[in-house]
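Read the structure below first, then the notes.
The values are calculated or read from the model by the stated rules, or taken from the named source; none is laboratory data. Just so you know, these numbers come straight off a predicted model, no measurement behind them. Positions of Cβ are generated from backbone atoms using ideal geometry, with glycine treated the same way; all protein chains shown enter the neighbour counts. For accessibility, only protein heavy atoms count, side chains too; no ligands or nucleic acids. Shrake-Rupley method; radii C 1.70, N 1.55, O 1.52, S 1.80 Å.
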Amino acid sequence: MNTIELAKGVYYVGAVDWNQRDFHGYYTPRGVTYNSYLIVDEKICLIDTVKAPFTNELLERIRQIVDPAKIDYVVVNHVEPDHSGALPAIMEHAPNAKVILTANGRTETIKHYQREYDFQVVKEGDILSLGKNSLHFIPLPMLHWPDSMASYLDGHQILFSNDAFGQHICTSSPFDDQNDIHDILYEAAKYYANILMPYSKLVGRALSKVEGIPVKQIAPSHGVVWRSHINKIIEKYAAWGQGVTCDKVVVIYDALWGSTEQMARRILDGVAAGGVQVKLFKITNTPLSELAVEILEARGLLFGSPTHNNGMMATMGGVMTYLQGLRPINKIAATFGAFGWGGGAEQAMVEALGKAGIKAEEPGFTLKWVPDETELDACFSFGLDFAQKVLAAGK
Ligand code: FEO
């Protein structure tokens with residue numbers, strides 16, 4: 001197990017979960033890391049821990065640098081168990097350590113682990129001297145839990161941002177510039193879309209808290225450390241927080257006997273003919289977390305479901321439930337689908353989108369049973385019209 005030094009006396013001691021493919025429902029084809037950092041100054045400070053099953057990996061990395069019993073402080077930037085799961089074990093090995101966290105973090109830690117530690121509650125602007133360097137605490141409530149906090153190490157100018165700026169990707173090289181930056185930015189976007197999108201309104205305020213602070217590295221709790229593309233990821237967060245979109249349409253559908261699938265493909269042709277980038281996803285072939293990242297920057301969303309039991313397909317209901325949690329902003333949407341003797345899917349989708357804060361264009365496009373050539377031409381026109389609306393909204 002290699003020891004990785006980010007700066008003099010600052011080490012990566014986290015765990016790499018190469019085979020994790022499901023992070024509480026979030027599909028993670030590139031695995032997950034649980035980043036923990038050790039600062040060795042006059043005082044010794046551990047920033048976050050790891051998921052409980054990886055406790056030994058964390059301890060082994062720490063032992064390569066110091067005896068865990070010498071740890072003076074454990075900073076809990078976030079209580080979610082992927083970061084605090086190893087806390088009880090660490091506190092057994094570091095019995096003299098103070099646990100540094102927000103007031104919400106204290107409450108949550110006690111409830112998660114049913115025990116008290118030597119807590120030191122911090123708030124905005126508090127500073128903890130470690131010797132040559134100090135830690136400055138920046139609470140970021142609801143990004144994405146009430147307890148969430150970032151910690152800034154002056155001197156080395158490292159921002160330990162916890163979940164913010166994270167990515168679910170395992171690599172053998174810890175820095176952004178040692179990896180394919182397109183992969184890293186894609187995973188950062190996917191992470192934002194699935195974890196932080198519901199709290200987008202808070203992102204601008206959070207960014208203003210770190211504006212003006214000199215940062216040489218952003219060390220998140222998942223994925224690689226940013227050092228060469230800091231401006232790029234901050235720019236991306238600012239854009240995602242504001243709901244900036246591009247000329248892109250995502251078609252999301254499911255089908256029973258193929259009619260709605262035929263419609264989806266002809267609508268896609270129409271959107272593409274309108275000069276807009278368009279991607280098509282069948283729900284049953286695509287994890288929700290993959291749909292979320294496609295939706296993040298898309299301006300146009302098209303949802304297709306045939307009528308099933310007087311409503312939308314249950315699979316589309318799952319997509320709608322997910323969207324109602326994420327609440328994407330600045331979207332144009334419409335629905336389509338086939339029906340037999342009576343409709344219902346369109347109304348169900350429009351209502352569900354409304355609960356996600358998305359007003360669908362009405363009417364959508366529906367047809368009976370199986371599309372004929374005239375109706376397929378109409379699907380093409382529907383897609384073409386939708387593309388024009390998407391382009392117009394971007395001007
Ligand atoms: Fe990576 Fe919110 O935990």
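Quick notes
- For S134, residues with placed amide H under 5 Å, excluding near neighbours: D154
- For the chain, the longest piece that avoids every one of the chymotrypsin sites (Phe, Trp or Tyr not before Pro) found in DSSP loops with at most 13 other C-beta atoms within 10 Å covers 19-256.
- Summing Cβ point charges (Lys, Arg +1; Asp, Glu -1) relative to the Cα centre of segment 289-352 gives a dipole of roughly 100 debye.
- Surface composition of the chain: carbon plus sulfur atoms hold 51% of the accessible area, using a 1.4 angstrom probe and ignoring ligands, DNA and RNA.
- Relative contact order (percent, whole number), the chain, Cα cutoff 8 Å, 6+ residue spacing: 12
- Charge dipole of the chain about the Cα centre (unit charges at C-beta), most positive-ward option of Y37, P287, N2: Y37
- For D17, the residues 5 or more places off, or on other chains, whose built amide H falls under 5 Å of its own are V32, T33, Y34.
- Summary of the geometry: segment 54-109 and segment 295-335, compared by the centres of their Cα atoms, lie 41 Å apart.
- Computed about the Cα centre, the dipole magnitude for the chain is approximately 540 debye when only Lys and Arg (+1) and Asp and Glu (-1) carry charge, each at its Cβ.
- Among the GluC sites (Glu not before Pro) in segment 274-345, none is located in a DSSP loop while being surrounded by at most 10 other Cβ atoms within 10 Å of its own Cβ.
- Here the Karplus relation 6.51 cos²θ - 1.76 cosθ + 1.60, evaluated at θ = phi - 60°, turns the backbone of segment 220-234 into coupling constants of x, 8, 9, x, 7, 8, 7, 9, 9, 10, 5, 4, 5, 6, 5 Hz, with x for every Gly and Pro.
- Qualifying aspartates and glutamates (Cα of each under 13 Å from Cα of K232; at least 8 residues distant if same chain): D176, D177
- In the context of the full set of protein chains, the chain has a per residue accessible area of 42 Å² (1.4 Å probe).
- Listed residues S381, S172, G212: farthest to the positive end of the dipole of the chain (Cβ charges): G212
- The Rg/Rh ratio of segment 4-242, with both radii computed over alpha carbons and Rh defined as the Kirkwood radius, is 0.93.
- Degrees separating the helix 200-210 axis from the principal Cα axis of the chain, which is the longest one: 30
- Cross-link table K43/K190; K123/K355; K123/K331; K190/K389; K236/K282, entries beyond 31 Å C-alpha to C-alpha: K43/K190; K123/K355; K123/K331
- Backbone geometry of segment 162-167 corresponds, through the Karplus equation with coefficients 6.51, -1.76 and 1.60 at θ = phi - 60°, to 3J(HN,Hα) couplings of 6, 5, 4, 6, x, 8 Hz, x marking Gly and Pro.
- 18 Å reach of a label modelled at T3, 7 Å along Cα-to-Cβ, counting backbone N of segment 144-188: 174
- Of the GluC sites (Glu not before Pro) found in segment 65-160, those that fall in a DSSP loop while having at most 13 other beta-carbon atoms within 10 Å are E116, E124.
- Positive-end extreme of charge dipole, the chain - chosen from L128, V319, N19 (charges on Cβ): L128
- Helix axis angle, 181-191 relative to the chain longest principal axis, alpha carbon, degrees: 80
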